[in-house]
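Here's the structure we're looking at; comments come further down.
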Amino acid sequence: MSGLLTGAAVTGVAFGAATIVLDEDTTTVIEQSAPAPVEPANESGVEEAADASETSLVASIHDIVVGARPSIVSIHTTVTQADPFGRPVVGQSAGSGFVLSEDGYIVTNAHVVSGSDEISVSLDGGATIDAALVAADPRADLAVLKVDRVDLQPLPLGDSEALRVGDPVVAIGNALDLGAEPTVTSGIVSAKGRSIALPGGGSLVDLIQTDTAINPGNSGGPLLNLRGEVVGINTAVSGQGQNIGFAISIVPAQELIDQLRAGEVPRHALLGVSTRPAADGAGAEVVAIEPGSAAAAAGVEVGDVIVAVDDERIEDPVELGVAIAERRPGDIVTVAVQRDGHEARLDATLGARPS
C-alpha cells in the first residue's frame with residue numbers, strides 16, 4: 001500500500017498522520033449513507049437559521065484561530081518496526097489533537113497513535129511533554145491521551161447535528177508537520193451522513209464531508225464552526241478527487257470519548273461474514289462465514305447475497321458494513337438474503353468484534 005510522505009494522492013481514502021520515516025495510511029472506498037434531511041423553508045421561502053445562537057458567531061476566522069490555538073496540540077510518535085531482514089527500524093509520525101479538559105485529557109485519532117512506542121504532545125507556546133495513551137478505539141478511529149498538566153484550555157464542543165450543508169467550517173492542525181505554528185484552512189460542509197470503509201473491516205459512519213483542506217498531520221485535529229466550537233474530528237481525505245475530506249461528527253462521538261477517557265473501549269457489533277459486490281445486481285455476496293458467528297448461527301450460507309438488514313436495502317459490502325456498525329453487540333437483526341432465486345429472512349443476534 002502506498003506510503004504518504006508529503007500529501008501525495010493515493011487511491012481511495014487516506015488515513016494518516018504526517019510521516020517522517022514510516023506511515024500507516026491506507027486506502028479504501030467512499031460510500032454515502034442516507035442523505036441528511038433538508039430543513040423546511042419558512043413561508044417567505046428563506047431557510048431559517050439553525051438556532052438562535054447564530055448571532056454569537058465569531059467576527060472572523062482570525063478570531064476563531066486566536067481563541068482556539070491554546071487548545072490545539074501537535075502530536076509526535078515513535079514507532080519501531082522490523083525491516084525485511086528482521087532488524088528494528090525506528091519511524092516517526094505526526095498528527096494533531098485538541099484539549100478536552102483542563103486536567104490534561106486530549107482527543108485525537110486512533111490511527112495517529114497506533115503502534116506507538118512513545119507519544120509526545122507540543123502545546124501552544126512551544127512546550128513539549130510526554131503523553132500516555134488512556135484508551136483507543138480503532139473501529140471508531142478515536143483515542144484519548146493524558147498529559148501531566150492541570151492548566152490546559154479545553155475547546156468547547158458544538159452541535160454537529162445543527163450543521164447544514166454549505167455552513168462554513170475551519171480546520172486547525174499540524175498539517176505536514178511543518179512547524180510550531182498550526183496550519184489553518186477553511187471551507188464549507190459539503191455533505192453530511194457520509195460513510196467510509198475501514199481497511200480492516202467495519203466502517204466509519206455519520207461523517208461530515210468538507211472541502212476544507214485536510215492533509216497528513218491534520219488527523220485528530222478539530223473541525224470548528226464559526227463560534228469556535230468543535231463540530232468534527234478530522235480523520236481522512238479522498239485521494240480520488242479534490243477537496244474531499246472527512247471529519248467524525250462530534251455529537252455521536254461524545255459518548256465514546258467519555259468512555260475512552262475512563263479507560264473503557266466499547267465493543268462493536270459483528271455479523272461474521274466476508275463479502276464482495278454481488279455479480280448480478282445489488283447486494284453483498286457472502287464468500288466466507290466465521291465459525292460460531294452470528295451469521296453462522298442464523299443460517300447464512302456462502303453464496304447468499306445479503307440484500308437488506310432490518311428492511312434497510314443493502315447495495316454493496318460497504319453499506320452492509322455501515323448497517324452493522326450502526327448497531328451494538330446483542331442486537332437482533334433480520335438479514336434478507338437472495339438464495340437460489342428466492343429471498344430468505346434470517347434473524348441474527350449480533351456478536352462482538354475482538355478488542
>> How large is the Rg to Rh ratio of region 269-352 when both quantities use alpha carbon positions and Rh follows Kirkwood?
In response: 0.91
> Given 4 °C and 1.567 mPa s, how large is the Stokes-Einstein diffusion coefficient of region 221-322 in µm²/s, with Rh as the Kirkwood radius over Cα pairs?
Replying inline: 78 µm²/s
>> Please give me the summed charge of the neighbours of ILE250: other residues whose Cβ is under 9 Å from its Cβ, Lys and Arg +1, Asp and Glu -1.
In response: -2
> To the nearest Å, what is the center-to-center distance of region 282-296 and region 163-211, using C-alpha atoms only?
Replying inline: 32 Å
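Going by average Cβ density within 10 Å per residue, which order do the peptides 207-217, 260-270 take, highest to lowest?
Going from most to least packed, we get 207-217, 260-270.
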>> Please arrange SER116, SER96, SER249 by how many other C-beta atoms lie within 10 Å of their C-beta, fewest to most.
In response: SER116, SER249, SER96
> Local charge sum around ARG69 (other residues, Cβ-Cβ under 14 Å, Lys/Arg +1, Asp/Glu -1)?
Replying inline: -3
> If you average the sequence gap of Cα pairs under 8 Å that are 6 or more apart and divide by the length of region 269-352, what percent do you get for the contact order?
Replying inline: 32 percent
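Values in this text are rule-based calculations from the coordinates and carry no lab data. Remember, it's a predicted structure, so these values are computed and weren't measured experimentally. Glycine gets a Cβ as well: all are built from the backbone with ideal geometry, and neighbour counts include every protein chain shown.
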